[in-house]
Amino acid sequence: MVKIEAVIQPSKLDKAREVLQSIGIDGLTVSEVRGHGRQKGHREVYRGREYDVDFIHKIKLETVVPSARKDEVIGALVEAVRTGAIGDGKIFVSEVVDIVRIRDDARGESAL
Amino acid sequence: MLVSAAFVLMMTGPGLALFYCGLVRKRNVLGTMMQSFAMMAVITLLWGVCGYSLVFAPGNPFLGDLRYLFLRGVGAEPNPLYAPTIPHQTFMIYQLMFAIITPALITGAFAERVHFKAMVMFSVLWAFFVYFPTAHMVWGTGGFLNAFGGGRVPVFDFAGGTVVHITSGFSALVTALYVGKRVGYPHEKFVPHSLVLSFIGACLLWVGWFGFNAGSALAASSLATSAFVATHFAAAAGAVGWMAAERVRKGQASALGAISGAVAGLATVTQGAGFVQPFSAVAIGLIAGALCYFMVTTVKERFRYDDSLDVFGVHGVGGFAGCLLTGVFATRAVNSVLKLANGRPAPLGWIDGNPAQLVNQLIGAGIGIGLGVVGTLAALKITELVTPLHMTEGEEATGMDLSLHGEEGYNFEG
């Protein structure tokens, strides 16, 4: 199993969810995060005082899928959230050792 | 008049409280709102005990006597010296609301760093040292600057340009300098935590200002209407002036700029509302917007004083400009209360052919500034003898909400 963590533009969340649902990915965790990549931050001005905002608001979307579906899910996700501009975000993929469904102790892929 | 009084109170809470609290960081939101709210409570009691008497009782040219101590004799019977058509008590409660908002305005200059106890004590002393004498001089019967009550130097101050905005604005600068900067100012970030709250506050201030200025006619009269109109036009022009200046300098008109400009226009027209025609008010507003923008950006940046919420830049400078502009634009076509010996309305400002009025306005402003500076220093010194002014570095980092009041403004968990 792999965990797919995608840091994306907040405005793209709905589209990402739709696409994932359409290919049968039901489990999804979303959090509001702040950060920056190479894009760095932006500048805000309040009564003439300029402030560099280093950390930009992003959405982090996490889902765990069977290893066999990794490339399919990533491809769908990338297509859904890409604008081609700087700041589109990144996707991180990692191995998941085990899963436990708390309700009934189901383990591994059957707990997805 | 009672509705006007309620409107003016609405300017302090929620108006000013929201306007200010949105401009500070999240950890100081309650502490900032409490500063305004505390004035609503504390100054009210002070006003009842002796404040009203010291301002509006006959006395010497600088202060009233104590005949209205504990509001004795302030009842249903009108006071013909001020407002012959409304109960004396109505006049008293209306004027109280001005005494509340004035020290509340100052708190913006030392936002995010002063102890609650020190703030309350300073404000009470400040009322005695600055507000009561200035208000008596300008509005009290026989006051030194009272144009309509036999003053030596007749100053036109319809709704408190000198009494409220010059005193609070210049006192604010003194407090900001005396108390010192916030930790990390100016190189760290001091980003307003919610311009939405500030927006709501500014809009409430705009609406409340109708009570402030139009109500100062003290009757449901055509003078009240013209003050209302001048107020509104100046606010609009102030917003446009600030936005235009910003657009030229930075390429963008901002929301904070728009509301700051409106407040600047309102503060600046306060003195002249009730004396000036609508398009004079527009000129006043435009000047206010551009001038105050220049003050809070270029001048503040140059001198690096931490007038956190720009009380000096907006109210002090706007009030001062408004005082002088009233000397220019005041006209008998709007206000014909002052009569010549032959019974005809007296010329008021420069456009009426009375340029000497500018000198009177300047003297009035000078007295307001002088008393503001000296009185504020005295109030700060005395307060400091009793209790520290500046929060410790640790308390500042924790925020006023938690370290001064033991609460937090936003508890979203649970």
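If I filter region B:261-281 for residues that are modelled with pLDDT of 95 or more, within 12 Å of chain A (Cβ to nearest Cβ) and in contact with an Asp or Glu (Cβ under 7 Å, 6 or more places away or on another chain), do I get at least one hit? Checked region B:261-281: no residue is modelled with pLDDT of 95 or more, within 12 Å of chain A (Cβ to nearest Cβ) and in contact with an Asp or Glu (Cβ under 7 Å, 6 or more places away or on another chain).
B:Thr331 passes every criterion in (1) part of a helix (DSSP H, G or I); (2) away from chain A (no Cβ under 14 Å); (3) within 20 Å of B:Ala237 (Cβ to Cβ) apart from (1).
Given the criteria more than 14 Å from every other protein chain (Cβ to nearest Cβ), more than 30 Å from B:Lys250 (Cα to Cα), touching a residue at least 40 places away in the same chain (Cβ under 8 Å) and aliphatic (A, V, I, L, M), does A:Ile91 qualify?
On the way: more than 14 Å from every other protein chain (Cβ to nearest Cβ): yes; more than 30 Å from B:Lys250 (Cα to Cα): yes; touching a residue at least 40 places away in the same chain (Cβ under 8 Å): yes; aliphatic (A, V, I, L, M): yes.
Judged against the criteria, A:Ile91 is a match.
If only residues of region B:155-199 that are in contact with a strand residue (DSSP E or B) (Cβ under 6 Å, 6 or more places away or on another chain) and of a type in the set (A, V, I, L, M, F, W, C) are counted, the one that is surrounded by the fewest Cβ atoms within 10 Å (Cβ to Cβ) is B:Val191. With (1) over 16 Å from the mean Cα position of the chain (by Cα); (2) more than 22 Å from B:Ala235 (Cα to Cα) as the list, and B:Leu325 as the residue in question, which single condition is left unmet? Exception for B:Leu325: condition (2).
Considering only region A:44-54, I want to know if a residue exists there that is within 14 Å of another protein chain (Cβ to nearest Cβ) and of a type in the set (Val, Ile, Thr). Within region A:44-54, one or more residues are within 14 Å of another protein chain (Cβ to nearest Cβ) and of a type in the set (Val, Ile, Thr). Pairs are defined by a Cβ separation below 7 Å, a sequence spacing of at least 6 or placement on different chains, a first member in region B:295-311 that is in contact (Cβ under 8 Å) with a residue 40 or more places away in the chain, and a second member that is hydroxyl-bearing (Ser, Thr, Tyr) and surrounded by fewer than 18 Cβ atoms within 10 Å (Cβ to Cβ); the pairs so defined are B:Asp306/B:Tyr185.
Tallying residues that are touching a helix residue (DSSP H, G or I) at 6+ places or on another chain (Cβ under 7 Å) and surrounded by 16 or more Cβ atoms within 10 Å (Cβ to Cβ) within region B:378-390 yields 5.
Taken over region B:266-285, residues that are over 19 Å from the mean Cα position of the chain (by Cα), of a type in the set (A, V, I, L, M, F, W, C) and in a helix (DSSP H, G or I) amount to 3. Checking each residue of region B:249-256 against the condition of being within 14 Å of chain A (Cβ to nearest Cβ), part of a helix (DSSP H, G or I), modelled with pLDDT under 95 and under 28 Å from B:Arg182 (Cα atoms) gives at least one match. Taken together, the residues in region A:36-51 that are at negative phi and either in contact (Cβ under 8 Å) with a residue 12 or more places away in the chain or within 14 Å of the chain's Cα centre (by Cα) (or both) amount to 6. Among what's in region A:15-35 and is farther than 28 Å from A:Glu109 by Cβ and among the charged types (D, E, K, R), pick the residue that is farthest from the chain's Cα centre (by Cα). Only one residue fits best here, namely A:Arg34.
Of B:Thr326, B:Thr298, which residue is β-branched (Val, Ile, Thr) and at pLDDT below 95? Walk me through how you get there before you give the answer.
Values: B:Thr326 fails: at pLDDT below 95.
Criteria check complete, one pass: B:Thr298.
Only one entry in B:Ser168, B:Ser226, B:Ser222, B:Ser216 is in contact with a Leu (Cβ under 7 Å, 6 or more places away or on another chain) and not acidic (Asp, Glu), namely B:Ser168. Close contacts from region A:22-34, counting a first residue that is touching a residue at least 24 places away in the same chain (Cβ under 8 Å) and a second that is of a type in the set (A, V, I, L, M) and in a helix (DSSP H, G or I), with Cβ to Cβ under 6 Å and a gap of 6+ residues or different chains, come to A:Ile23/A:Ala76. In this structure, is B:Ile351 away from chain A (no Cβ under 14 Å), within 25 Å of the chain's Cα centre (by Cα), farther than 20 Å from B:Ala224 by Cα and in a helix (DSSP H, G or I)? Criteria not met by B:Ile351.
Among the residues of region B:391-414, the ones that are among the polar types (S, T, N, Q), without any contact (Cβ under 8 Å) to a residue 60 or more places away in the chain and surrounded by fewer than 16 Cβ atoms within 10 Å (Cβ to Cβ) come to 2 in all.
Given A:Lys15, A:Lys60, which one is of a type in the set (D, E, K, R), more than 14 Å from chain B (Cβ to nearest Cβ), touching a helix residue (DSSP H, G or I) at 6+ places or on another chain (Cβ under 6 Å) and in contact (Cβ under 8 Å) with a residue 24 or more places away in the chain? Lay out the reasoning, then the answer.
Values: A:Lys60 fails: touching a helix residue (DSSP H, G or I) at 6+ places or on another chain (Cβ under 6 Å).
The conditions single out A:Lys15.
Among the residues of this structure, B:Asp306 counts as one that is within 14 Å of chain A (Cβ to nearest Cβ) and surrounded by fewer than 24 Cβ atoms within 10 Å (Cβ to Cβ). Inside region B:254-310, can you point out the residues that are under 20 Å from B:Val334 (Cβ atoms) and of a type in the set (Phe, Trp, Tyr)? Scanning region B:254-310 gives B:Phe275, B:Phe279.
Which helices (runs of 4 or more DSSP H) sit wholly inside region B:30-131 and have at least 1 residues that are surrounded by fewer than 18 Cβ atoms within 10 Å (Cβ to Cβ) and in contact with a helix residue (DSSP H, G or I) (Cβ under 7 Å, 6 or more places away or on another chain)? Before the answer, list the steps.
Details: elements: B:52-56, B:88-106, B:116-126.
Correct list: B:116-126.
The values are calculated or read from the model by the stated rules, or taken from the named source; none is laboratory data. As the structure is a prediction and not an experimental result, all values here were calculated from the model. Every residue, glycine among them, receives a Cβ derived from its backbone with ideal geometry; neighbour counts consider all protein chains shown.
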